[in-house]
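The values are calculated or read from the model by the stated rules, or taken from the named source; none is laboratory data. Quick caveat, the model's predicted, so the values are computed rather than measured. Quick reminder, even Gly has a Cβ in these numbers, built from the backbone with ideal geometry, and neighbours come from all protein chains shown. With ligands, DNA and RNA removed, areas are computed over all heavy atoms of the protein, side chains included. Shrake-Rupley method; radii C 1.70, N 1.55, O 1.52, S 1.80 Å.
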Amino acid sequence: MPSQVAHFAINADDVSRGRRFYEKVFGWKFTPWGPPGFYQIQTNGTPTALRGALQQRREIVPGVAARSFECTISVDDIDATLAAVEASGGKVVMQKCTIAGVGQLFFFQDTEGNIAGAIQFDAKAE
């Protein structure tokens, strides 16, 4: 059986604030489960395949080398998502860029200090 990533977790100092951020930006739903302050995340109502990569360590935030797994969230409208991140208290830490043959990507910091990416896939991107 091949090994694959089956779960991700977003750590938060203020779970309610973090939950509001992801509800507003991505429309995710949260269901309490297990211990206090723990929620299962429903991203779109259906199981999705996760994409993975092993890459050279880099600085998403200038001067701070990434020391964690990188999570990138697929979106339908990169510009609307970028605007929603900023409107919901997040901060863009790497401006939108185009990856030829892949799509458009940006990285953000959520209200809890976590860094993640948002990508709009587009095989025709140049």
Check off (1) surrounded by 10 or more Cβ atoms within 10 Å (Cβ to Cβ); (2) more than 23 Å from Val93 (Cα to Cα); (3) at pLDDT 85 or above for Ile41 and give me the number that stays unchecked.
(3)
Out of the residues in the range 73-102 that are among the small types (Gly, Ala, Ser) and free of Cβ contacts under 8 Å to residues at least 24 places away in the same chain, which is farthest from Arg17 (Cα to Cα)?
Ala80
From the residues in the range 95-123 that are in contact with a strand residue (DSSP E or B) (Cβ under 6 Å, 6 or more places away or on another chain) and open to solvent by less than 20 Å² (accessible area, probe 1.4 Å), which one is nearest to Phe26 (Cα to Cα)?
Ala118
Considering only the range 71-94, state which residues are open to solvent by less than 60 Å² (accessible area, probe 1.4 Å), closer than 16 Å to Lys24 by Cβ and not in a loop (DSSP other than H, G, I, E, B).
Ile73, Ala80, Thr81, Leu82, Ala83, Ala84, Val85, Val92
